[in-house]
Amino acid sequence: MKKVGILPNAKKDGGLVVTKQLVELLEKRGCRPMLQESHHLAQSLRRYGVREDVLFKEAEFLVALGGDGTMLSSAKRASRYNVPLLGINMGHLGFLTDAGPDHMEESLDKVLAGDYQLEKRMMLRAEIFSNKEGRRSALALNEVSICRGSVVDVEVKVNEEYIDDFFGDGILVATPTGSTAYNLAAGGPILKSDANMLAITPICPHMLHARSIVVGGGDKVELIVRRYSRQKIFAVVDGQNRCALEEGDWITISKAKFCASILKTGNTGFYDVLRNKMFGRGDR
């Protein structure tokens, strides 16, 4: 009996309608659905509720029901256990997801039959040194940035070599996966999802010469806060977690030892997905 973990997003799946459909589909196929025992749906289906660590350790794969935000948080947890993740899009773009609710059954059957591609996505490890909040570490699938609410001067180093000071609304370091997220919105380059490189992109720079810099995936990037206006600034990880920064604080960013494992069942390639989802254009 295959054990399949379910990671629902109640905000995206109103009334958990799709989640309940997924439970039924798994039951019919002789699989054992697993949900975190704290989730209220698991409480109504007591035989399927398990501890969070059991969910990630024992599941053969996970199904995340939500948008890219759900995929980001789910992938970071799943990566520590090397368990693959199938995304069902309940959000807007769904760049990381595999299919929408209408095609959930088809995607599920393909995964159960072994008809899928397993994409390994680079992740980042950020070490944040904050005088206000102490030392923190975090994993990122998309990007690590210094931003939010202030004009800031950030010194950038790569492998301890000084690159430049960037003055503007902030700066970010993106993975190939994150290159089509905040990085793209900030004018950064698109990197193929399996590339071994990082993009360092200024956010609304107050400098005519400021451009994105692409470095190797194995390089170590340092961002050092030199000065900023009176408003607050933060280190932000994947747009979800933030830590207050001040002058003299810094972040070191390097390739994480974990990878996110994303399940894909379609025949569309990276550029097909890019064209369809980001540019709103179908096949030629």
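Is it true that some residue in segment 203-215 is under 19 Å from the mean Cα position of the chain (by Cα), closer than 30 Å to N276 by Cβ and not polar (S, T, N, Q)? The answer is no, given that none of the residues of segment 203-215 is under 19 Å from the mean Cα position of the chain (by Cα), closer than 30 Å to N276 by Cβ and not polar (S, T, N, Q).
The single condition among (1) in contact (Cβ under 8 Å) with a residue 40 or more places away in the chain; (2) in a helix (DSSP H, G or I); (3) open to solvent by 60 Å² or more (accessible area, probe 1.4 Å) that V18 does not satisfy is (3). Are any residues in segment 233-249 more than 14 Å from the chain's Cα centre (by Cα) and either surrounded by fewer than 19 Cβ atoms within 10 Å (Cβ to Cβ) or under 12 Å from A138 (Cβ atoms) (or both), and if so, which ones? Those that are more than 14 Å from the chain's Cα centre (by Cα) and either surrounded by fewer than 19 Cβ atoms within 10 Å (Cβ to Cβ) or under 12 Å from A138 (Cβ atoms) (or both): A235, R242, C243, A244, E246, E247, G248.
Looking only at segment 213-253, which residues are closer than 30 Å to D194 by Cβ and outside any strand (DSSP E or B)? Within segment 213-253, G217, G218, D219, K220, D238, G239, Q240 qualify.
Within segment 77-123, the residues that satisfy the criterion of being in contact with a Phe, Trp or Tyr (Cβ under 8 Å, 6 or more places away or on another chain) and not polar (S, T, N, Q) are R77, A78, R80, Y81, V83, P84, L85, L86, K110, V111, M123. The set of residues in segment 119-131 that are out of contact with any Cys (no Cβ under 7 Å at 6 or more places or on another chain) and either at pLDDT 95 or above or open to solvent by less than 80 Å² (accessible area, probe 1.4 Å) (or both) comprises E119, L124, R125, A126, E127, F129. Find all pairs meeting these conditions: Cβ atoms under 7 angstrom apart; at least six residues apart or on different chains; first residue within segment 104-120 and touching a residue at least 60 places away in the same chain (Cβ under 8 Å) and among the β-branched types (V, I, T); second residue outside any strand (DSSP E or B) and surrounded by 13 or more Cβ atoms within 10 Å (Cβ to Cβ). The qualifying pairs are V111/T265.
The values are calculated or read from the model by the stated rules, or taken from the named source; none is laboratory data. Just so you know, these numbers come straight off a predicted model, no measurement behind them. In this analysis, Cβ positions are derived from the backbone assuming ideal geometry, glycine residues included, and neighbour counts consider all displayed protein chains. Ligands, DNA and RNA are stripped out before the accessible areas are found, and what is left, the full protein with its side chains, is counted by its heavy atoms. Shrake-Rupley method; radii C 1.70, N 1.55, O 1.52, S 1.80 Å.
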